[in-house]
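The values are calculated or read from the model by the stated rules, or taken from the named source; none is laboratory data. This is a predicted model, so every value here is computed, not measured. Heads up, the Cβs are rebuilt from the backbone with ideal geometry, glycines too, and the neighbour counts pull from every protein chain shown.
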Amino acid sequence: MADIYGILNVAKGALLAQQRAINVTSHNIANVNTPGYSRQRVNMETNIPMSFTPGQIGTGVQAAGIERVYDRFLGLQINAETQNLGKWEAQKGGLEKVEILLNETSEHGLNQAMNEFWNAWNDLVNNPAGQTERMILSAKSDTLAKTFNNIYSSLKQIQTDLDTNIKGSVSEINRIADQIAALNQQIANIEISRQNANDLRDKRDLLLNELSTMIDTTTSEDSDGKVTVLVNGGRPLVQNETSWHLSTETNSSGLQNIVWLDGAGNSVNITDTISGGRMKGWLEVRDVVVPGYLNSLDDLANEIRLRVNNLHSSGFGLDGSTGNTFFIGTSASDISVNPNILAAVDLIAAAGAAAGIPGDNSIAIAIANLQNEFTMSGNTTTFSDFYNSMVSDLGNAVQEASINYDHQSEVVNHLNNYRESVSGVSIEEEMVNLIRFQHAYEAAAKLISTADELLETLISMV
Amino acid sequence: MRVTNKLTVDSIISNLLRNKERLHSAQNIVASQKKVNKPSDDPVGMANILGYRKTLSASDQYGKNITRGKTHIELTESTLSTIHELLREVRRLAVDQATGNLDDRPTIAAEVKTIYDQILQLANTKLGNSYMFSGHRTDMAPFSRDAGYNATYHGDDGDIRIIVGEKVDVKINVNGEEAFRSVVNVFDVLRDLINGLENPDTTTGTTQIAAQISPLTDSLNQIQSVRAMSASTFTRLESTENQLADFKLKVEQLLSDTEDADIASAIVELQTQETAYQTSLATAARIIQSSLLDFLR
């Protein structure tokens, strides 16, 4: 074949190969902004040469395959770090909501309400028979109780919101699992005929990354190109072309547990095994952080209620009544001023003895002094110091989550940049390639016209 | 490293966002003039800030309490001082009468009766709606008398206390018992004096009058001693008030040190961040424009 027709064949092969390359270049350029896209390139190979005397003559070029430029190890690393990032992101977000709630910098928080409450008792000490002082005290006490109620219910609301997020993510995870299973099948079908399913693999990698932001999983790829995705604890989410679903079940505290469905109607609680992704961050805030603050708030409200009531019920109101509780309720959620007191402020007991009405203020003094007594944490700290350290704790937690989040996003950012550096499309590079392939194409076309001229010369000789 | 278009754009975006965030927080500090704007800005500082605020709020309240106590004592003092003056006048009259001057006895008797009522009225002084000398029974006038100038005490020996500091309370009242009935019963002494002055038997009357001089001196001493007690409480309140003012100043300073931004350095920081942001904008504008395409056309 090392004749003029051979030249024509080589030229034809070259035209086709360069055209393939231009096709791939155009695909790269078109997908320059597609998320998760890995640039592709044509592998050009020489055809099998033919042996002649004096030596072998090449038979031109062929496009042997189209493959994506991709670092598999990098993808796995990005997914692992993304799980951490998702966790800190969700935890930071949740904590910041709690922080806004307990923000005392505005001077209108629980600390302020407590200060005003104790000051109102001081005012009653100064004028135990005064109607104005009594009205103000009952109003300030009401404000204090309502501040407790508000913070408590807002914390509960945060818990509910996180619960909604968790539920939403579960259906998102299921959707992704379904898509990965479908892609598994498509990829296997294509690759069985020794083709590279480049674009589908990019899509699947993107989905795996998306999954990593939500929950921690382990993935492995088998020889026919299918990935297996396991959630922590070894329960499969995707295996071959099959996907399993997660769901939620209401637990004893009225919140949602995350369960894995085996497909035969049985569910397994996997809430405690989740250790990464936004899921983990939300679970952490919902099940550990918020309940902790709710408990502290309860402790504070209950201790104030018990201590004040204890003194108050031993005292005597202006009307001579005794044994009245000042606060009612059982926790921070429902603490309130005794409605009888709100209706008749004469019931407020300032006097320590019936005979001392109205000038006796000994009970009012004792209650006002509670402000500075070590009443909390096993009688080691005052009410306000207890609350202040709670706010400080929260500040620390937010700071820690922020630092971790910043660090983690820096890590993921770095890895993504690295991935982009390997797999990303560079327009400059593609332009240069385009020109390169165009010139090669033009040269191959010139080969054909040259072969044509050669043939013409040959024919005209006859 | 292979730098692609997306890489350039991503890093421009993330740098711009980071610089803008820093600019924002610098702006926040300048606008609020506070360096602690939320607990996570400075968790330990935040706990201190809340502690200082509680201390300041309580100190303001103690200041209010002390002012109230001082008013009470000042009124007590001025009332007792008037009563003291009146009793001295009575003793002067009694000494006069005991040494034989008999002519004016009905007039003097009338004068002492007037003074008796004046003292009674003073003992029934009210501060706001409360009687000052009736102990806990502040709703009841402490003293009343019958036609025979027999006085009855309606109050009790209750203490009125105010809070002047953390778990410190101070008694501020003088009750009727202490002022008028403890050593001698002032009103009984006056009654006996009136009886002596009105005694038709002037000789017996003189003896009766003379017998009241020593109790009158005791009455004066009794009033003086409760005045001294009040005065020492007053001094204590005043020094507490001064200490409180000093203390408040120090706590305010601490609060300001912890919470307030140093405006000069905050503004310098703001300008630095502004410059950084503008520089990153300018850089972005230059990098994002250029491409090989510009030169291929």
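In table form, for the structure just shown:
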read-out: Residue satisfying condition, being in contact with a Leu (Cβ under 8 Å, 6 or more places away or on another chain) and at the interface with chain B (Cβ under 9 Å from one of its Cβ atoms), within set A:ASN413, A:ASN361; value: A:ASN361
read-out: Every residue from the range B:33-70 that is assigned to a helix (DSSP H, G or I) and in contact with a strand residue (DSSP E or B) (Cβ under 7 Å, 6 or more places away or on another chain); value: B:TYR62, B:ASN65, B:ILE66, B:ARG68, B:GLY69
read-out: Pick from the range A:267-294, criterion out of contact with any Gly (no Cβ under 9 Å at 6 or more places or on another chain) and within 30 Å of A:PHE386 (Cα to Cα), ranking: surrounded by the fewest Cβ atoms within 10 Å (Cβ to Cβ); value: A:VAL288
read-out: Condition broken by B:GLU21, with the remaining ones in (1) within 11 Å of chain A (Cβ to nearest Cβ); (2) buried (at least 18 other Cβ atoms within 10 Å of the Cβ); (3) more than 30 Å from B:ARG161 (Cα to Cα); (4) modelled with pLDDT of 90 or more satisfied; value: (2)
read-out: Test: residue in the range A:199-215 that is of a type in the set (Lys, Arg) and free of Cβ contacts under 8 Å to residues at least 40 places away in the same chain; value: yes
read-out: Where A:GLY58 falls short, out of the listed (1) among the small types (Gly, Ala, Ser); (2) within 11 Å of another protein chain (Cβ to nearest Cβ); (3) surrounded by fewer than 18 Cβ atoms within 10 Å (Cβ to Cβ); value: (2)
read-out: Which numbered condition B:THR99 misses (of (1) free of Cβ contacts under 8 Å to residues at least 40 places away in the same chain; (2) more than 14 Å from chain A (Cβ to nearest Cβ); (3) surrounded by 14 or more Cβ atoms within 10 Å (Cβ to Cβ)); value: (3)
read-out: Members of the range A:95-139 that are under 32 Å from the mean Cα position of the chain (by Cα), among the charged types (D, E, K, R) and within 11 Å of another protein chain (Cβ to nearest Cβ); value: A:GLU96, A:GLU99, A:GLU104, A:GLU107
read-out: Any hit, the range A:398-421, residues being hydroxyl-bearing (Ser, Thr, Tyr), closer than 22 Å to A:ALA301 by Cβ and assigned to a helix (DSSP H, G or I); value: no
read-out: Test: residue in the range A:320-328 that is in a loop (DSSP other than H, G, I, E, B) and farther than 29 Å from B:LYS171 by Cβ; value: yes
read-out: Those strands (runs of 3 or more DSSP E) lying entirely in the range B:135-246 with at least 1 residues aliphatic (A, V, I, L, M); value: B:151-153, B:161-165, B:168-171
read-out: Extreme residue, surrounded by the most Cβ atoms within 10 Å (Cβ to Cβ), among residues of the range B:102-141 that are out of contact with any Phe, Trp or Tyr (no Cβ under 9 Å at 6 or more places or on another chain) and in contact (Cβ under 8 Å) with a residue 60 or more places away in the chain; value: B:MET132
read-out: Scan of the range B:24-48 for residues that are among the aliphatic types (A, V, I, L, M) and facing another protein chain (nearest Cβ under 8 Å), ordered by number; value: B:VAL36, B:VAL44, B:MET46, B:ALA47
read-out: Only one of A:LEU394, A:LEU434 that is in a helix (DSSP H, G or I), among the hydrophobic types (A, V, I, L, M, F, W, C) and under 21 Å from A:ARG41 (Cα atoms); value: A:LEU434
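Per-residue answers, yes or no, for (1) at the interface with chain A (Cβ under 8 Å from one of its Cβ atoms); (2) in contact (Cβ under 8 Å) with a residue 24 or more places away in the chain:
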position	(1), (2)
B:ASP10	yes, no
B:LEU17	no, no
B:SER59	no, yes
B:ILE66	no, yes
